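Student: Take a look at this one; I'll ask things after.
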Amino acid sequence: MAAKGVAVTPTLSLGHILSYWDEQDRSHDAYLQYIGKGLQSTYTGRVNNILRHDAAAIEFRKANYEKSAAVLADLVAADVTILAGTDAGYLNSYCYPGLALHEELALMVKYGMTPQQALKASVINGPKFLGQKGYGAVAPGNHADLLLLDANPLEDIHNTLKIRGLLSGEMERPRPTRCIACRNRKAHGSRHLIYHSLVKTIAALLLEGGFFIAAYHRDFSISSF
């Protein structure tokens, strides 16, 4: 597969949700407030089916999922390109757009990838496989969409959910002459200083390229891919 340029998107999250429904019933998730009633109505078919499972069927579906998920480690060992993606959307029960990718990354690490490999599958491998330029690195001319975190996901992949903020927009977009934080400097206090430290950090990274940024409350950890 690797020699022929075949890439695999494991989509572990939906199968995990359904296989382990007896341990984590998601029918009352807070995230449902962001999902339209029409889309929610498509979730019921699969869930109603697994609710009929007896103990033997529950054990079987879990064993089957674990066997399938274990293939990921073999693919990684064989140097097959892995892409991060989910089945979020129509019919795919409680697999929420946005959140599902964070859950997918955590499962990818659980079943055989390092946090760095999982992050690459998300932000680098996808655009590369599709031949899309301008993604996958902090570099001049690239799309300037940066997720800023309060903890390093290279240490714990679950830290992708510890979101400090988002910078979004093309890098060639003119920088405002006056930052919004300056208008309320007294109110923001230390956050004002953090904001400007972050801007300086990103400006320096633009000259380097190829970095992942994890933003902390008091300093910034920068790890190269």
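Every read-out reported here was derived from the displayed coordinates using simple, explicitly stated rules and does not represent laboratory data. These numbers were taken from a predicted model, which means no experiment stands behind them. Every residue, glycine as well, gets a Cβ built from its backbone with ideal geometry; the counts of neighbours run over all protein chains shown.
Student: Of the numbered conditions (1) among the polar types (S, T, N, Q); (2) closer than 26 Å to N152 by Cα; (3) surrounded by 14 or more Cβ atoms within 10 Å (Cβ to Cβ), T114 satisfies every one except a single condition; which is it?
Tutor: Here T114 clears every test but (3).
Student: Just the residues that are buried (at least 16 other Cβ atoms within 10 Å of the Cβ) and over 26 Å from L72 (Cα atoms), please, taken from segment 117-138.
Tutor: Matches in segment 117-138: V138 only.
Student: Across segment 1-40, which residue is surrounded by the fewest Cβ atoms within 10 Å (Cβ to Cβ) among those that are part of a loop (DSSP other than H, G, I, E, B) and aromatic (F, W, Y)? Write out each step before concluding.
Tutor: So the first thing to find is which residues in segment 1-40 are part of a loop (DSSP other than H, G, I, E, B), and the list is 1-6, 9-11, 20-29, 35-36.
Imposing the further condition that a residue be aromatic (F, W, Y) reduces the set to 20-21.
On the way: Y20: 15, W21: 20.
By that ranking, first place goes to Y20.
Student: Now, a different point. In segment 124-141, how many are in contact (Cβ under 8 Å) with a residue 40 or more places away in the chain and more than 18 Å from V80 (Cβ to Cβ)?
Tutor: The total comes to 4.
Student: What do you reckon, is M113 assigned to a loop (DSSP other than H, G, I, E, B) and among the aliphatic types (A, V, I, L, M)?
Tutor: Yes.
Student: When the residues of segment 47-84 are narrowed to those that are in contact with a strand residue (DSSP E or B) (Cβ under 8 Å, 6 or more places away or on another chain) and part of a helix (DSSP H, G or I), which ends up surrounded by the most Cβ atoms within 10 Å (Cβ to Cβ)?
Tutor: The extreme case among them is L72.
Student: Kindly establish whether K120 is over 11 Å from the mean Cα position of the chain (by Cα) and either of a type in the set (D, E, K, R) or part of a loop (DSSP other than H, G, I, E, B) (or both).
Tutor: No: the conditions fail for K120.
Student: When Y94 is evaluated against the numbered criteria (1) surrounded by 16 or more Cβ atoms within 10 Å (Cβ to Cβ); (2) part of a helix (DSSP H, G or I); (3) over 11 Å from the mean Cα position of the chain (by Cα), which criterion, by number, is the only one it fails?
Tutor: (2)
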